[in-house]
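Here the structure comes first, spelled out in structure tokens, and everything after it is commentary.
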Amino acid sequence: MPWTLAGVELGDRVLEIGPGPGMTTDVLIGRARSIECIEVDPVLAKDLKARLANTNVTVRCGDAAAMPYKDGVFSGVVAFTMLHHISSAELQDQLFAEVYRVLRPGGVFAGVDSRPSLWMKIVHVFDTMVPIDPDGLADRLCSLGFEKVEIEKDAERFRFSARRTDGFEDRIAARTIQMIHRD
């Protein structure tokens, strides 16, 4: 996780998508005043909610592709090794659009995910695995309005960050994409 968030300022109100058992949430606790988690699995959401009661974390069971939040409420949104669990590229894009909607102007979307490998196929034999192509991710995010997209990848994983610019910048800024390859 340090590599994923190196140089990324999440702000005061962070949304974590798909925290699962909350190992990454434990690390986020000290990085923001308020953390909201949205987890689709009701058992994982219930367990995480109970475990993190009386902290700065709120857990909600729900679908990140149809979030129950108002527009522009989060300063940062994070997704740690969960995007490949979304069952189609179309639903992934719907999630990205929802992230854009719930981010404040200037807010950041950051995360990490695995790249396809034999090991990933073995681990996901009875599970959903729709890998994200890091080479196409920047275009997918920019098509939704994100700017300042940065993607860094190695043989096993990739990290990304993108900003929701304010309304004025959305209309006039040229998109910026930085790809760093460490294959």
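The values are calculated or read from the model by the stated rules, or taken from the named source; none is laboratory data. In this text, all values refer to a predicted model and were calculated from it rather than measured experimentally. In this analysis, Cβ positions are derived from the backbone assuming ideal geometry, glycine residues included, and neighbour counts consider all displayed protein chains. Just so you know, the surface numbers come from the protein's heavy atoms only, side chains and all, with ligands and any DNA or RNA stripped out. Shrake-Rupley method; radii C 1.70, N 1.55, O 1.52, S 1.80 Å.
Our coupling estimate for region 88-102, obtained by passing each phi through the Karplus curve with A = 6.51, B = -1.76, C = 1.60 and θ = phi - 60°, is 7, 4, 5, 5, 4, 5, 5, 4, 4, 5, 5, 4, 4, 4, 7 Hz, Gly and Pro reported as x. What number, in percent, do you get for the relative contact order of region 2-83 if the mean sequence gap of Cα pairs under 8 Å and at least 6 apart is divided by its residue count? Normalised by residue count, the contact order of region 2-83 is 38 percent.
Using a cut-off of 32 Å between Cα atoms, the listed pairs 46/148; 46/153; 46/70 include 46/148; 46/153 as exceeding that distance. Extension gain for residue 43 to residue 66 (0.36 nm times residue separation, less C-alpha to C-alpha distance): 6.4 nm. When the surface is traced with a 1.4 Å probe over the full set of protein chains, residue 163 keeps roughly 80 Å² accessible.
Could you give the accessible area per residue of region 1-139, probe 1.4 Å, as a whole number in Å²?
Using a 1.4 Å probe on heavy atoms only, each residue of region 1-139 averages 47 Å².
Quantify how much of the Cα-Cα distance distribution of region 35-78 extends past 17 Å, in percent. For region 35-78, the share of Cα pairs beyond 17 Å comes to 32 percent.
Per the 1.4 Å probe, what fraction of the accessible area of region 1-148, in percent, lies on carbon and sulfur atoms? Here it works out to 58 percent. Could you tell me which of rounded, prolate or oblate describes region 27-147, using a ≥ b ≥ c as the square roots of the eigenvalues of the alpha-carbon gyration tensor, with rounded for a/c under 1.5 and, failing that, prolate when a/b is larger than b/c and oblate otherwise? Since a/c reaches 1.5 but b/c is at least a/b, the shape of region 27-147 is classed as oblate. In whole percents, the pair-distance distribution calculated for region 61-113 from its alpha-carbon pairs, binned every 10 Å from zero, is 25, 58, 17. Computed with a 1.4 Å probe over protein heavy atoms only, the accessible area of residue 148 comes to about 100 Å².
The 1.4 Å probe gives accessible areas that order 57, 43, largest first, as 43, 57.
This model, with +1 at the C-beta of Lys and Arg and -1 at the C-beta of Asp and Glu, gives region 1-157 a dipole about its Cα centre of some 480 debye. Here residue 23 sits with roughly 140 square angstrom of accessible surface, probe radius 1.4 Å.
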